[in-house]
1. Mind giving me the FRET efficiency for E30 and T147? R0 is 25 Å, r the Cβ-Cβ distance, nearest 0.05 is fine.
2. Only residues of segment 231-257 count here: report those whose backbone N is under 19 Å from the spot 7 Å along Cα→Cβ of E82, or say none.
3. Taking neighbour Cβ counts within 10 Å as the exposure measure, how do T151, T221 sort from fewest upward?
4. What relative contact order, as a whole-number percentage, does the chain give when Cα pairs under 8 Å and 6 or more residues apart are counted?
5. Could you list E273, E82 in order of exposure, starting from the residue whose Cβ has the fewest other Cβ atoms within 10 Å?
6. Multiply the residue separation of A200 and L212 by 0.36 nm, subtract the distance between their alpha-carbon atoms, and state the gained length in nm to one decimal.
7. For segment 42-51, take each phi angle, set θ = phi - 60°, evaluate the Karplus expression 6.51 cos²θ - 1.76 cosθ + 1.60, and give the result in whole Hz per residue in order, putting x for glycine and proline.
8. What are the residues whose amide H is under 5 Å from the amide H of K132, where those residues sit 5 or more places off or on another chain and H is modelled from the backbone?
Amino acid sequence: MSVKHRWNTVAIVGVGLLGGSLGLALRERELAKNIVGIGRRQATLRKAKERKAVDSITTDLAKGVKDAELIVICTPVEQIVEHVRLAAQSCPEGALITDVGSTKGTIVEALASDLGRGVSFVGSHPLAGSEKAGVEFSRADLFVGRTVVVTPHRHTKADHYAAIASLWESLDARVLRMSAAAHDAAVASTSHVPHLLASALANATPGDLLPLAAGGWLDITRVAAGDAEMWRQILVENRVHVLKSLAKFEKVLTSFRAALEAGDQDRLLSLLEAGKKTRDSVGS
C-alpha cells in the first residue's frame, strides 16, 4: 500500500451513499481534518452532518470548495463534467478533483483540457455501489476490499494519479488503473448489462406471480431496485459498449433457446455448466 495522504480539507459534492461513505471512511482513518459536504438539498446535507459524514455543509458549490485540496464529485454522471468545471473555478490553485462516476469515457475526455491554475481532474470509479441510495445507508467500510478503477488521461501527471490512487488505497480499496475506454467496455458487461437484464426480468414477471418470487428471482432482480434515473443516465452515457455487450448476451440466450427447442439436453447441460464454471470462478 502507498503512503497515506492526509488532507487538510476535502470537499464532497453529493453526499448520498458513496459520498457519505467516503466522508465516514476519511473521518474514521483520520485522513482529513475538515470534510465539507456540498449538495442541493438541505435535508440531505443535514442527515450527512448528523451521521458525522461531514463537518460542515453548504448548497453553494463555490463556497464549499474554496479551501479544498481535494474535491470528490459524487453526483449523477450527467452532472459530473459541469460540477468539475464549476469547482475548478473556485478551489485553491493546484487542487485535485476526482469523481465516482460509473462511466468514464465522456467525462475524462471532456475534462482532459487544462482546467486552469494547476487544478487537475483524475477520474475514479469505486465498484462499491448498491441498490440502496441515500446517506442513511452510508458506512465507513464500504470501500474495504472493493476495486476502484482510476482512469487517468494521457496528459495526467504521475503525481496526480498517485495521489488519487493513494486516496482509495488509504480506504483499503484495491486500485486498478485503466483507460476510460477500457473501463467503459468492461463495466458494460459486468455492471451495466446485468442491471438492464435485472430490470427486464422484473418487468417481464406478471404481478400476480410475485407472491411466488423466491430466492432466485430476488437475487437476480435485486439491482433493479436501484435509482431508475441514475441508471438511465449510465446506460445512455455508455450505450455504445452496452449495446455491444448486449449483443453478446443475446447470442448466448439464443443458444439456450435453440437447445430447449431442439430438446438437446447435452447442449443445454454444456451451457449450464459453462455458466456455473464462470460463476464459481468469482466466488461469493
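Where a number appears in this text, it was derived from the coordinates with a stated rule and is not lab data. Note that the structure is a prediction, hence the values are computed from the model and not measured. All Cβ positions, even for glycine, are placed from backbone atoms using ideal geometry, and neighbour counts span all protein chains on display.
1. On the way: r = 24 Å, r/R0 = 0.97.
The pair E30/T147 has a calculated efficiency of 0.55.
2. 231-238
3. T221, T151
4. In percent, rounded to a whole number, it is 17.
5. Lowest count first: E273, E82.
6. Full-extension gain reported as 2.5 nm.
7. Karplus-based 3J(HN,Hα) across segment 42-51 equals 4, 4, 5, 5, 5, 4, 4, 6, 4, 7 Hz.
8. Amide H to amide H, under 5 Å and 5 or more residues apart or across chains, K132 pairs with nothing.
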